[in-house]
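Here's the structure we're looking at; comments come further down.
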Amino acid sequence: ENLASTFNLLGQIRVTAQDYHFNRFWIIARTSKSRNWSLHGRINAGEYFDGDKTSASLELKLIPSLHWNTSLKVQTDKLNVSQQSLKFTQLKLKLDYIFNNQISWQNYFQYNDLTRQLGVQSRLSWLPEPGFEMNFVINSRYFQPYQDSWKNESQSAVLHMSGIWLF
C-alpha cells in the first residue's frame, strides 16, 4: 500500500507516508453452521504499517428459534506502531428478529475500551420483492467520560430505499 500522506492512527499514533507491504498469518477454527449455535475463533498476526498487529476474537452465534438470530463477539487487538503500543478490546452484540421473509429488524451494539464509546444501530428492513428494499435506520453513539455515566454524542435517522430495474 502506498500511503500518500501522514496521519494519526486512532488519534494517537503517527503513521508516516511511505510504501508499505503487509504479511499476515491466520489461524481460524469454527464449529458447524448446521446447528442452532456455532462458535468461531480467530487469531491473526503480522505487519502493520511500520510495526505489527496481533488480533484474537471469539464469536458465539445463537439461533434459538425461527425468528431470532443473535451473536456475541469479543475481539482484542494489540498494535505496535512507531515505537508505540496500544491494546484494546471490542465487544459486539447483534440481535435480529425476522418477522417473515420480507420484514426483519436488526440491532447492533458495539463497545470498545480504547475510546469508551458505545455504538447502537437499529435497522428495520422491508424487502417487498427481489431487487427492491427499504431500510429505516437509527444510529446512536454514546461516550463514557466517567465509570458511572454515559453521554449521547450523536444520533441520526435515515430512510434508505433501493431498487434494481432490469431491461
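The values are calculated or read from the model by the stated rules, or taken from the named source; none is laboratory data. The structure displayed is predicted, hence computed values, not measured ones. We place every Cβ from the backbone using ideal geometry, glycine too, and count neighbours over all the protein chains shown. Surface areas here come from the heavy atoms of the whole protein model, side chains and all, with no ligands, DNA or RNA. Shrake-Rupley method; radii C 1.70, N 1.55, O 1.52, S 1.80 Å.
Selection of the stretch 1-51 for residues being part of a strand (DSSP E or B), open to solvent by less than 60 Å² (accessible area, probe 1.4 Å) and of a type outside the set (A, V, I, L, M, F, W, C) yields Ser38, His40, Gly41, Arg42, Asn44, Gly46, Tyr48, Gly51. Among the residues making up the stretch 115-139, those that are at pLDDT below 95 and polar (S, T, N, Q) are Thr115, Gln117.
On the given criteria, is Ser140 in contact with a strand residue (DSSP E or B) (Cβ under 6 Å, 6 or more places away or on another chain) and closer than 30 Å to Gly11 by Cα? Yes. You will find that of Leu118, Leu91, the residue that is open to solvent by less than 50 Å² (accessible area, probe 1.4 Å), within 30 Å of Gly46 (Cα to Cα) and either of a type outside the set (S, T, N, Q) or free of Cβ contacts under 8 Å to residues at least 40 places away in the same chain (or both) is Leu118 and no other. As for the stretch 140-154, it holds no residue that is open to solvent by 70 Å² or more (accessible area, probe 1.4 Å), within 19 Å of the chain's Cα centre (by Cα) and modelled with pLDDT of 95 or more.
Condition check ((1) more than 18 Å from the chain's Cα centre (by Cα); (2) touching a residue at least 40 places away in the same chain (Cβ under 8 Å); (3) under 30 Å from Trp105 (Cβ atoms)) across all residues:
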{"position": "Val15", "(1), (2), (3)": "yes, yes, no"}
{"position": "Phe25", "(1), (2), (3)": "yes, no, no"}
{"position": "Trp37", "(1), (2), (3)": "yes, no, yes"}
{"position": "Gly46", "(1), (2), (3)": "yes, no, no"}
{"position": "Asp50", "(1), (2), (3)": "yes, no, no"}
{"position": "Glu59", "(1), (2), (3)": "no, no, yes"}
{"position": "Pro64", "(1), (2), (3)": "yes, no, yes"}
